[in-house]
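A quick write-up on the structure given underneath.
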Amino acid sequence: MKYLEKHPMIVIVVGIVGISLSAIFVRYSVAPSAVLAAWRLLWSVILMTPVVLGSAAVRQELIKADKKSALLSALSGLFLAAHFILWFDALGKTSVASAATLVCTEVIWVSLGFCLFLKGKISQKAALAIGVTLLGSFLIALADSGAGEGHLEGDVLAILAAVCSAVYMLFGRSAQKKLSTTVYTYLVYGSCALVLLVVCGIQGTGLLISGANPVIVGFLLALFSTILGHTIFSWALKFYSPSFVSACKLLEPVGAGILAVFLFGEIPAPLALVGAVLILGGVRYYAKIEQKA
């Protein structure tokens, strides 16, 4: 563990692989978004429970967690739930490459939120990176607008998912000032699961409405994309800023897009590819700026 703390980028690479599989797994689901998301988070909580309950130190920290940190964790879980629902809906309407790339604009919303609410500052170079990324998003939306109304709607949902993920990250940054990654993620996933169960109840969709499919896909998402994905990025917040952690996710659409070509025959339009290059380039440039800061 000490070695990983000295070289946290190794862990971040594992996280990138984990989240890159998310869009692929979701495409194999036949369940409503809230149901699949609920199973993902329920499995995440189940997989984490032995770790939490098996450690006396973690149990004590969980019991003694201050109210403010617990509230911030709960709010983080609320926005994480919104992110999953919007993200899964987006994947049902637009291409994997477009959805995965647009979600990478999370770094832009994190930066703006960091500036507006946490008294951070955005340099001129960072503003340029943000502008390039937004231009790339516009080009993808323009390309998808010709592919049908559903694609454009999916693009909008992907951007909204990115905004919710950014808020989740910002709340997480504040909550982890007094909480370990294990306790923080356990509280977040627990609150997120509760929110999703409430949503399923409101929608009148039972967890077994689609049979075993969401149970299996939810488990794969929990193991690879949550435990080896989101949890790792939450841990990385102790070593890097929210903007940099978000920027490190930029390889997700590359891996997911390549897999989608072979698995689903989804070949992005030339204009969408240009937009994707601009987004990834802008985010990469922002990452370099953040590293030098």
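The values are calculated or read from the model by the stated rules, or taken from the named source; none is laboratory data. Source: prediction; values computed, not measured. No Cβ is skipped: glycine too gets one built from the backbone with ideal geometry, and neighbour counts run over all protein chains shown. The protein model used for the area step is the full one, side chains on, heavy atoms only, and it has no ligands, DNA or RNA in it. Shrake-Rupley method; radii C 1.70, N 1.55, O 1.52, S 1.80 Å.
Note on exposure: Asp66, Asp144 ranked by accessible area (1.4 Å probe, complete protein assembly) read Asp66, Asp144, with the most exposed listed first.
Roughly what would the spin-label model give for Lys67 and Val30, points 7 Å off Cα along C-beta, in nm? Rounded to a tenth, the inter-label distance reads 4.8 nm.
Per residue, the chain exposes an accessible area of 45 Å² to a 1.4 Å probe, with every protein chain left in place.
The stretch between Leu47 and Cys115 holds 20.9 nm of extra length on full extension. This uses 0.36 nm per residue minus the Cα-Cα distance. Ordered from highest to lowest accessible area with the whole protein assembly present and a 1.4 Å probe, His151, His230 read as His151, His230.
Sequence-distant contacts, meaning Cα pairs under 8 Å at least 6 residues apart, place the relative contact order of the chain at 41 percent.
Considering only chymotrypsin sites (Phe, Trp or Tyr not before Pro) in DSSP loops that have at most 16 other Cβ atoms within 10 Å, the longest stretch of the chain without any of them is 29-238.
Which of the residue pairs Lys177/Lys288; Lys125/Lys177; Lys93/Lys177 have a Cα-Cα distance greater than 32 Å in the structure shown? The pairs that break the limit, which is 32 Å between Cα atoms, are Lys93/Lys177. Ranking of Thr205, Thr94 by solvent-accessible surface, largest first: Thr205, Thr94 (1.4 Å probe, protein heavy atoms only, all chains present). Taken over the chain, the convex hull of the Cα atoms encloses 125 Å³ per residue. Note that segment 127-138 has calculated 3J(HN,Hα) couplings of 4, 5, 4, 5, x, 5, 5, 5, 4, x, 5, 5 Hz, one per residue in order, obtained from phi through the Karplus relation 6.51 cos²θ - 1.76 cosθ + 1.60 (θ = phi - 60°); glycine and proline are x.
Between Leu280, Trp235, Val261, the Cα set farthest toward the positive side of the dipole of segment 139-281 (charges on each charged residue's Cβ, about the Cα centre) is that of Trp235.
Using alpha carbon centroids, what distance separates segment 44-101 and segment 192-219, in Å? First find each Cα centre; the distance between them is then 15 Å. The trypsin sites (Lys or Arg not before Pro) of segment 167-229 that DSSP puts in a loop, and whose beta carbon has at most 15 other beta carbons within 10 Å, are Lys177, Lys178. Entry note, segment 139-293: relative contact order of 39 percent, from Cα contacts under 8 Å with a spacing of 6+ residues. When only the Cβ of Lys, Arg, Asp and Glu is charged (+1, +1, -1, -1), the dipole of the chain relative to its Cα centre reaches about 1240 debye.
For segment 5-77, applying the loop criterion from DSSP together with a ceiling of 10 other beta carbons within 10 Å to the trypsin sites (Lys or Arg not before Pro) yields Lys64. Protein heavy-atom surface of the chain, 1.4 angstrom probe: 72% of the accessible area is carbon and sulfur, with nucleic acids and ligands not counted.
Dividing the radius of gyration of the alpha carbons in segment 48-117 by their Kirkwood radius gives 1.13 for Rg/Rh.
Compared with the direct C-alpha span, the chain from Ala127 to Ile202 gains 22.9 nm at full extension, assuming 0.36 nm per residue.
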